[in-house]
Ligand SMILES: Cc1ncc(COP(=O)(O)O)c(C=O)c1O
């Protein structure tokens with residue numbers, strides 16, 4: 001039987017000897033460009049070996065990979081042939097079914113403003129300060145192990161153990177069995193809110209907007225706990241609000257988002273007592289701890305109020321946002337329901353990222369990373385405060401959180417915020433509109449300042465632009 005003639009293959013590698021990956025990429029490129037039509041016969045392994053000066057194993061590995069990708073087929077004693085593209089023309093639908101009716105998007109904005117824009121209000125940390133190389137090392141080492149077939153709905157056990165150990169070191173009585181790993185702390189808020197028998201939640205106003213919108217979208221009635229970051233908490237007012245018997249108070253007692261406020265010791269105690277008095281459970285979101293030095297020494301509600309306080313934290317900001325690893329620590333009797341709710345929404349999360357973070361913690365990288373991060377953020381924070389002192393006009397004030405990634409800049413009421421936002425946008429500075437953070441009318445008038453994200457130079461540039469805009473708009 002005579003064999004079909006084979007096509008010539010051009011593998012571009014410059015002076016370097018071709019690898020299996022080069023051959024795969026070239027064949028793939030030529031197929032998509034239409035240069036290798038279906039049925040074309042690729043050169044036999046021997047011919048490729050000779051042409052490119054490679055080992056037989058390399059050529060064979062490339063062909064095996066092309067077969068695995070479904071691009072070519074190996075026919076016994078005939079050779080290796082390009083397969084027909086599997087794309088089918090979609091048939092015309094026979095009936096046009098209606099679209100489902102959806103609610104309007106609760107808040108549509110992108111995660112980060114575009115390139116070339118200074119993100120003055122973002123809650124993220126500058127990616128330059130994040131340990132991407134070491135995370136990649138951990139990922140490579142994890143990938144050398146065999147992927148387990150099964151996932152754990154509660155989260156990868158070694159990671160839960162490492163988290164419990166870290167929390168114990170911070171003075172919290174937490175066991176690995178009480179930790180549920182989630183896709184960011186956002187999913188922790190989600191599974192807790194879904195699990196509530198009574199759909200009534202109290203939160204600070206203003207509050208982290210995506211928590212408010214999440215609770216609302218799950219059918220919870222929200223009651224606002226008025227927070228004035230310049231005056232502190234009015235416990236009598238909170239007493240009256242909590243007397244309306246929400247089932248849960250969602251609280252951010254340290255480096256509050258968006259105001260940067262931290263409860264005083266008296267307020268921590270007062271809030272715990274009010275919750276006890278009115279039978280209100282607590283969900284504590286400790287999102288901003290560990291970012292600046294000494295931040296981890298602040299007492300937490302979970303520390304003072306014991307195991308009944310649900311405690312949420314996350315590695316996303318401090319380690320790498322794209323890993324999306326957060327967790328909730330809960331009293332043992334709540335864990336089965338929380339895990340069941342997580343199972344309903346995701347069945348379980350990806351083992352891989354959980355294993356990478358576990359490896360990162362196991363190697364002790366997290367502590368060295370935090371030390372370097374805290375030093376860098378201490379410096380940026382001090383520079384931000386100095387620039388504000390120097391540049392801001394009369395009538396502007398700001399919080400001094402000393403932790404977390406952002407502070408609140410409060411402007412005179414005479415400044416028209418939408419006009420200011422537009423003015424700043426034209427000068428390449430993006431500030432986020434905080435109106436979605438309030439329950440009811442806004443009692444603050446300003447926006448967040450992101451000292452964890454911007455370099456000192458960018459911060460100075462942005463604050464100079466803000467100060468100029470404030471002077472221009474108050475004329
Ligand atoms: C206060 C607060 N809690 C929770 C989250 C959710 O973060 P993640 O899901 O990335 O852990 C954020 C995000 O910005 C936040 O600001």
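Laboratory data are not the source of any read-out in this text; all were calculated from the coordinates shown. Predicted, not measured: the structure shown is a model, and the values here were computed from it. Neighbour counts run over all protein chains shown; Cβ positions are idealised from the backbone, glycine included.
Given Cα positions, please report Rg to Rh for the range 43-194, the hydrodynamic radius being the Kirkwood one.
My calculation puts Rg/Rh at 1.12.
Residue 368 to residue 102: FRET efficiency via 1/(1 + (r/R0)^6), r the Cβ-Cβ distance, R0 51 Å, to the nearest 0.05?
So, using R0 = 51 Å, E works out to roughly 0.65.
What does the highest-first list of 383-390, 234-241 look like by mean Cβ count within 10 Å?
383-390, 234-241
For helix 417-426, report the angle its Cα long axis makes with the longest principal axis of the Cα atoms of the chain; keep it between 0 and 90° and round to the nearest 10°.
The helix 417-426 is inclined about 40 degrees to the chain.
Count the DSSP beta bridges whose two residues both fall in the chain, then state the antiparallel fraction as a percent rounded to the nearest 5. Intermediate values should be presented prior to the final figure.
Details: 23 of 41 bridges.
Around 55 percent antiparallel, to the nearest 5.
Considering the zone a paramagnetic label at residue 442 would reach in this model (a point 7 Å from Cα along the Cα-to-Cβ line), which residues of the range 404-433 have amide N under 15 Å from it?
Within reach of a label on residue 442: 408-425, 430-433.
Taking a cut-off of 18 Å, what percent of all Cα-Cα pairs in the range 198-292 are separated by more than that? Could the numbers behind the result be given before it?
Values: 1776 of 4465 pairs.
So the pairs more than 18 Å apart make up 40 percent of the total in the range 198-292.
Angle between the Cα long axis of helix 132-143 and the longest principal axis of the chain, 0 to 90 degrees, nearest 10?
Computed tilt is about 60 degrees.
For a paramagnetic label modelled at 7 Å from the Cα of residue 143 toward its Cβ, which residues of the range 5-36 fall within the zone defined by backbone nitrogen distances under 17 Å?
Correct set: 20-22, 25.
Taking neighbour Cβ counts within 10 Å as the exposure measure, how do 307, 56 sort from fewest upward?
On the way: 307 18, 56 11.
Ranking 307, 56 by Cβ neighbours within 10 Å, fewest first, gives 56, 307.
Express in nm, to one decimal, how much length is gained between residue 165 and residue 464 on full extension, taking 0.36 nm for each residue of separation and deducting their alpha carbon distance.
Details: separation 299, 0.36 × 299 = 107.64 nm, distance 4.44 nm.
Between residue 165 and residue 464, full extension yields an extra 103.2 nm.
Angle between the Cα long axis of helix 265-278 and the longest principal axis of the chain, 0 to 90 degrees, nearest 10?
Approximately 90 degrees, to the nearest 10.
Which order, highest average first, do 271-283, 25-37 follow once you tally other Cβ atoms within 10 Å for each residue and take the mean per peptide? Intermediate values should be presented prior to the final figure.
On the way: 271-283: 17.9, 25-37: 15.2.
The most tightly packed comes first, giving 271-283, 25-37.
Quick one: check the C-alpha center-to-center distance for the range 138-206 versus the range 354-429, whole angstrom.
Centre-to-centre distance over Cα atoms comes out at 26 Å.
How far is it, in nm, from the label point at residue 4 to the one at residue 389 when both lie 7 Å from their Cα along the line to the Cβ?
7.8
Could you tell me the extents of the range 263-381's C-alpha atoms along the three principal axes, largest first, rounded to whole Å?
That works out to 42, 41, 20 Å along the principal axes.
Please list, by residue number, everything in the range 161-196 whose backbone N is under 20 Å from a paramagnetic label point 7 Å out along Cα→Cβ of residue 272.
Hits in the range 161-196 for residue 272 at 20 Å: 167-175.
Just from the alpha-carbon atoms, what are the Rg and Dmax of the range 367-417 in angstroms?
In order Rg, Dmax, the Cα atoms of the range 367-417 give 13.9, 46 Å.
Please work out how much length the chain gains when fully extended from residue 157 to residue 25, using 0.36 nm per residue of separation minus the C-alpha to C-alpha distance, in nm with one decimal.
Here the answer is 43.7 nm.
Once the convex hull of the C-alpha atoms of the chain is built, how many Å³ does it hold per residue, rounded to a whole number?
Once divided by residue count, the hull of the chain is 218 Å³.
Rank these for me by crowding, 445, 10, 96, 226, going from fewest to most other beta carbons within 10 Å.
Ranked by crowding around the Cβ, least crowded first: 96, 10, 445, 226.
What nm value, rounded to one decimal, do you get for the distance between residue 425 and residue 199 when each label is placed 7 Å out toward the C-beta?
Roughly 3.4 nm, to one decimal.
Just the number, please: percent antiparallel of the DSSP beta bridges in the range 130-367, rounded to the nearest 5.
40
Based on other C-beta atoms within 10 Å, arrange 88, 459, 83, 292 from fewest to most.
So the residues, fewest neighbours to most, are 88, 83, 459, 292.
For the range 25-98, taking Cα atoms only, what is the radius of gyration to one decimal and the Dmax to the nearest whole Å?
16.6, 60
Find the all-direction average of the projected area of the Cα convex hull for the range 130-367, expressing the result in square nanometres with one decimal place.
12.3
How many nm separate the modelled label positions at residue 92 and residue 15, each set 7 Å beyond the Cα in the direction of the Cβ?
The modelled label-to-label distance comes out at 6.1 nm.
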